[in-house]
Every structure is written in C-alpha cells, then in structure tokens.
Amino acid sequence: MEVVTYSLRNGQFNSNQYYQDAAAFTDEVLKEAKVLLPIVGRFQEYVQNESIEAIRSAEEYTFELLMLGTLWRIYADDAQDISSGWTGIMAYLSRLRQRNQTLKPVADGIRGVLATIFLAPTDRAWSPKASLKHLDQLLQWMEATGDHVQEVRRLHNWSEYWETLSAGQVSGDIEAAIAFARWFEERSLKSLGKYTPNVEQFLQEKHREHRWKEDVVFSARRRVEYHLNMVGAEIMNRSFRADFQQTKHKAVILPACMRYHSKPKCQARSNGLSCECTGCEPKCRVNMLMKLGQKHGFSVHLVPHESSVFSGDAGKQLIGEGVGIVGIACVSNLVSGGWKAKGLGLPPQCVLLDHCGCRKHWHEQGIPTDINFGRLYQIIGITDEKAAENAEKAQGAAAA
C-alpha cells in the first residue's frame, strides 16, 4: 500500500495497534490537560449563564483550547499578513460554494488564486502576542480558508467570553493554550508520529502541485494537525457515544475514495445526495460494507461530496432524523464532519480511513482507501464475533 501522508497500519496487516495507541495517548493528553481545567470551568460557567449552548463535557472544551493553541502556533503569523477585506471576500466565496453547486467551480477557481496569494501558510519562527485582537485576526483567516468552519464557530464562543475579561486574563488563558499545544506537538510526535511518516515529504515534494487550487491550504496541513485530529476523533467518540447508542438506527457515511474503481468504471448509480452501490466489484470496500449493513441492520451511504450531506436539511432528507451517524473520512476531515453531524442532531461516531488516497487532494491517479472493519463493528455495537472474523478475512483476501 502506498503511503501518501499517513497510514494507521504502519506496515501491519490492520490498524488495531493504532486505535490502542490513540486511546492511550488521548488518556495522557487529558491527564496532562488538567492544568487547563480552571480555564475550562470558568468558560463553562459563562456558557451556562449566557445560555450559549447546552453545557458540553470538559474534555470537549479542553480539546478546543488545544486546537486553538495548535492553530495559533501554526497560522497566527499568517493571519497578520492579510487585510480583513480580502478575508471577507474569501469567506464569502467559501459560503457561496456551499450554497450553490452551479457556481461552485467558479468560486473554487477564484478561491484557489486568492488563497495561494494571501493564505498559503509560511513557516516563521514567531507568533503574535496572545491578545483578543490577534485571536480575531486568526479567526478571520481561518474563516477565509473555508476549511475551518466548525472550528471557527466554536472558537468564536471563546472570543466572546474573553471579551468579558481583562487583557491580562485573556493573554494568560491564550498563553496557557499555546504552552499546552507546544507540549502536545512534541509528545504527539513520539506517540503518533509513526502513523504520519510522509507528511513532511508530501509538503516538500508534492504540495507545490496544489498552488492555485482551492485546496492549497487544506493540503498543507502540518504533521501536528494530523495528530490533533486523531486525538480529537477519539475525544469526540467518547463524548458522543451515549447519544449515539440511544439512536434506533445507524447509518454509515462512506467517502467516494473507498470505491475500488473510479468513474466511469464504477457502476454506482447517483440518486441525488448519494450513490447506490450496484455490487459490480467483489473487492470493493463499498460493496462489502453494503452487504454487511444489510445483514446487521445499518444503512450505508456512498457520498461523493461530504458537504452535500451536511448542508442544511440534506442529511436528514437522506438519512432521516434521530439517526446515529458513523462518519468515515481521512484524518484531516473527520473532526469537523463530526461537529457538523452533531449540529444537525445526528449523534456521530467516527472511523478513520486507514490511509488517504483521493484524486482531488492526495494522489494523481487515486488510491482506493480502506478502514478497520473490526473498529466499525465495535462502534456500531455488533457483537457477532464470527461475523466480524469473517468480515476481516474477506477484507484481507480482497487486499491480497
């Protein structure tokens, strides 16, 4: 298997060890993050008093602070280089492509040019002072990329909270998040770095091919961002688990890159928001999962564009209400997709693609992607060990 940026298998037959390592490292992160709990506690009190939202777990808010610290260390300097006028234009184009599929190609073409000129990240050995002003600039930059919609939504709540505090308190809170992110980057490299072996090589050798394209920022994710999303996926699964289990029906959302054949050889039929697998290829993971879903009572939806499912009421039209979602996506997409589903009232769980390989972002020809079938069984709650064993054998035979 060709490794573009990351591989959860790390040369092994399956990704079982990854999920053990990710869970153990997440436990370590949350234990180390106790230093942030006073900040989280004050924010939870603010959220409750202002009726911002239903109080979420301390682990979720802790992850938001870690996310802020990480993104600050990577992008806060870039956010100083662009005026609010240009960020506003690019944010508008990002919203336009979500609302209007007809104008999406035009909007993406313009965004690719502007993003390459104004947003493409650069590595510099400094970051701006921890202040509310610089936080707002970072949020404007993130919104302009179109890749951080859910992250911006959550960090805006923190920004509004910090507006109620003194400049010194704001600086202290943000500095604490940055310091924690610094520890996280160093420690995550030791714990999870073996699963992200080619990120730097991709950035050095392949990323230049994304210049002038709308994914110029998305495809430039740093290694620590992969590790951040790995931990975020684990925290999300824990936080949303109870709500997911209470749903009567489960739906698995598959990305197009899991198809064994690309178009036009793939015979899947489009039915609007998703595609219906016709079983044209026995080795195809989509075909295998569709059959498993029929046997064990969960629906499977092949979705060419994740945004088409999680825009407005489209997801509920396709899947129904009160459904538990199992989102399958690459590391870079998973956390934001889970937040989108949660916002639509569709309690999410997630299973990471064992590797990335789509033609749009990662590979010129495209590489069929895969998941850990045992992990999916565990998430959905299938306890039929024989069925799980047979599914894994079939998966291994198909990979041979």
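Of all the residues in segment 4-35, those that are part of a helix (DSSP H, G or I), open to solvent by 10 Å² or more (accessible area, probe 1.4 Å) and either touching a Gly at 6+ places or on another chain (Cβ under 8 Å) or under 24 Å from Asn198 (Cα atoms) (or both) number 7.
In the set Ile253, Ile174, which member is modelled with pLDDT under 95, β-branched (Val, Ile, Thr), touching a Gly at 6+ places or on another chain (Cβ under 9 Å) and open to solvent by less than 40 Å² (accessible area, probe 1.4 Å)?
Ile253
Report yes if Arg111 is closer than 25 Å to Thr145 by Cβ and open to solvent by less than 40 Å² (accessible area, probe 1.4 Å), otherwise no. Give the steps one after another, and end with the answer.
Working: closer than 25 Å to Thr145 by Cβ: yes; open to solvent by less than 40 Å² (accessible area, probe 1.4 Å): yes.
So Arg111 passes the test.
Selection of first residues in segment 71-93 that are on the phi > 0 side of the Ramachandran plot and of second residues that are among the small types (Gly, Ala, Ser), restricted to Cβ pairs under 7 Å at least 6 apart or on distinct chains, gives an empty result.
Selection within segment 230-249: residues that are modelled with pLDDT of 95 or more and among the charged types (D, E, K, R). The member of this set that is nearest to Gln17 (Cα to Cα) is Glu234. Within segment 283-295, residues that are closer than 18 Å to Pro368 by Cα sit with their Cβ atoms under 6 Å from residues that are surrounded by fewer than 16 Cβ atoms within 10 Å (Cβ to Cβ) and not aliphatic (A, V, I, L, M), at 6+ positions apart or across chains, in these pairs: Asn287/Gly279. Of all residues in segment 124-139, those being loosely packed, with under 15 Cβ neighbours inside 10 Å and either in a loop (DSSP other than H, G, I, E, B) or at pLDDT below 95 (or both) number 5. Residues in segment 250-269 that are farther than 23 Å from Asn333 by Cα and in contact with a strand residue (DSSP E or B) (Cβ under 8 Å, 6 or more places away or on another chain): Ala268, Arg269. Please verify whether segment 277-289 includes one or more residues that are surrounded by 16 or more Cβ atoms within 10 Å (Cβ to Cβ), more than 24 Å from Ser7 (Cα to Cα) and modelled with pLDDT under 95. Yes.
The values are calculated or read from the model by the stated rules, or taken from the named source; none is laboratory data. The shown structure was predicted, so the numbers you read here are calculated from the model rather than taken from an experiment. Positions of Cβ are generated from backbone atoms using ideal geometry, with glycine treated the same way; all protein chains shown enter the neighbour counts. Just so you know, the surface numbers come from the protein's heavy atoms only, side chains and all, with ligands and any DNA or RNA stripped out. Shrake-Rupley method; radii C 1.70, N 1.55, O 1.52, S 1.80 Å.
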